[in-house]
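The values are calculated or read from the model by the stated rules, or taken from the named source; none is laboratory data. Every value quoted in this text rests on a predicted model; they were computed, and no experiment measured them. Cβ sites come from the backbone with ideal geometry, for glycine too, and all protein chains shown count toward neighbours. For accessibility, only protein heavy atoms count, side chains too; no ligands or nucleic acids. Shrake-Rupley method; radii C 1.70, N 1.55, O 1.52, S 1.80 Å.
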Amino acid sequence: MKKNIKEWGFPVDRMFLAAGPCSAESREQVLDTAKTLAKGNVSFLRAGIWKPRTRPGSFEGVGKEGLQWMVDARAETGLKIGTEVAEPAHVEACLEYGLDILWVGARTSTNPFSVQAIADALRGTDIPVFVKNPMNADVGLWMGAIERLANAGITKLGAIHRGFSSELETRYRNAPNWKAPIELKRRMPDIPMICDPSHICGKRELIPAIAQEALDLLFDGLMLEVHPDPEHALSDAAQQLTPEQFFELVGRLKLSHEQSDSAAFAARMSELRETVDDLDSRMLDVLSQRMDVVRKMGALKAEQNVSTFQPHRWQEIINDRVQKGTTLDLSEDFVLQLMQSIHEEAIRQQEIRRINGAE
Ligand code: PEP
Ligand code: MN
């Protein structure tokens, strides 16, 4: 597997940058977008040709005809072109039209049968392929999809973080859940990773912060949806940027590095890190003490045959801790998640005792 995305043969300036409409809608729209994007440093023009829509009856893509528009856009602008493939027939069509790069969408990477069928159709080629994360935050499944393509002989493989579908109403269309891509990076350090803030955010105003966060987390680049007239886009209207918004955003993004040469920075960081190490160790002590108390309560509950879960008490804890947290400058979401995680472990500890009996 090639590590450096810069060796893939795509123009890469400050970062690997995929941009273009959610869907190819008309020849004019594809060419228009391409001509504007060609003025900047775009690594490839993206456009969906076959669109996986949640409900039938929505716009499902223009199909093969759109591939010709992309080929024409490449001829006019020199931009490389790429699209999403979800089945072997898509792969065959893309290879026939000579696309430069493909990606496997989130719905597809969720299904190993589909990924294997795509991998089999790609065998014998060495087209670069990105794999979007599965709909749910299953890092093993994401890795498995990348491995299936690697086993078929694809060497230019990358990952796209596009967030995870959630049953809860959240600020984002797909929860960023950064720990999942961070874990993928830890387990597959050689796989370049780009972020797709458009599908994470669902709303264009949220995109800049997520794009910057991805770069701060050392992602290799971004995929952004750009449409000449987002309001009238046939899919994902609320999250597409105008070319102007796109260029403005890209111009404002700051690239960070893993290390700095400044000695003053290093000294101050090491001081602060020591403080963090100390605070973490105190926090773990406190958590361990808390868990001891929880186990004692578990024993008492078991004796009295009282349920482990106490809904009223839990509601009180949540209200109180969230309120306290907010006064301490901690976000409500964070305190809620932290308390949920502590509570889940507390219940598990009490249940272990109940099943195994007190020692
Ligand atoms: C897309 O990139 O247009 C797309 C459908 O994305 P996802 O697979 O992330 O939903
Ligand atoms: Mn889209």
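Against the chain, whose longest principal axis is taken from its Cα atoms, helix 139-151 shows a tilt of about 40°. Can you pick out the pairs among Lys132/Lys156; Lys156/Lys203; Lys51/Lys156; Lys51/Lys254 whose Cα atoms lie more than 26 Å from each other? Pairs exceeding the cut-off: Lys156/Lys203; Lys51/Lys254.
Within the listed set Arg107, Arg273, Arg148, the Gaussian network model of the chain (springs between alpha-carbon atoms below 10 Å) gives the highest mean-square fluctuation for Arg273. Each of Val104, Met339, Gln310 was placed along the dipole of the chain (beta-carbon charges, centred on the mean Cα), and the one lying farthest toward the positive end is Gln310.
Considering only alpha-carbon pairs that sit under 8 angstrom and 6 or more positions apart, the relative contact order computed for the chain is 13 percent.
The share of accessible area on the range 199-294 that comes from carbon and sulfur is 56 percent, using a 1.4 angstrom probe. Of the residues Ala180, Ala89, Ala266, which exhibits the maximal mean-square fluctuation in a Gaussian network model of the chain defined by a 10 Å Cα contact cut-off? Of Ala180, Ala89, Ala266, the Gaussian network model singles out Ala266 as fluctuating most. By the rule of a C-alpha distance below 18 Å, with chain neighbours fewer than 8 residues away ignored, no lysines are paired with Lys301.
Magnitude of the Cβ-charge dipole of the range 289-359, K/R +1 and D/E -1, about the Cα centre, nearest 20 debye? Before the final figure, lay out each step's value.
Details: 10 positive and 11 negative charges, 62 e Å.
Taking the Cα centre of the range 289-359 as origin, the dipole is about 300 debye.
Accessible area per residue (1.4 Å probe, heavy atoms of protein chains only) ranks Trp178, Trp142 as Trp178, Trp142, with the largest value leading.
Label reach from Asp329 (point 7 Å along Cα→C-beta): in the range 230-269, no amide nitrogen lies under 15 Å.
About the Cα centre of the chain, how large is the charge dipole given +1 on each Lys and Arg Cβ and -1 on each Asp and Glu Cβ? Please answer in debye to the nearest 20.
480 debye
Of interest is the spacing of the C-alpha centroids, which for the range 173-240 and the range 54-99 amounts to 21 Å.
With both labels modelled 7 Å from their Cα along Cα-to-Cβ, the Ala175 to His257 distance reads 3.6 nm.
Ligands, DNA and RNA left out, the 1.4 Å accessible surface of the range 65-127 is 50% carbon and sulfur atoms. Accessible surface computed residue by residue for the range 188-278, with neighbouring protein chains in place and a 1.4 Å probe, gives 51 Å² per residue.
Among Gly40, Met70, Trp50, whose Cα sits farthest toward the positive end of the charge dipole of the chain (+1 at Cβ of Lys/Arg, -1 at Cβ of Asp/Glu, about the Cα centre)? Of the options given, the answer is Trp50.
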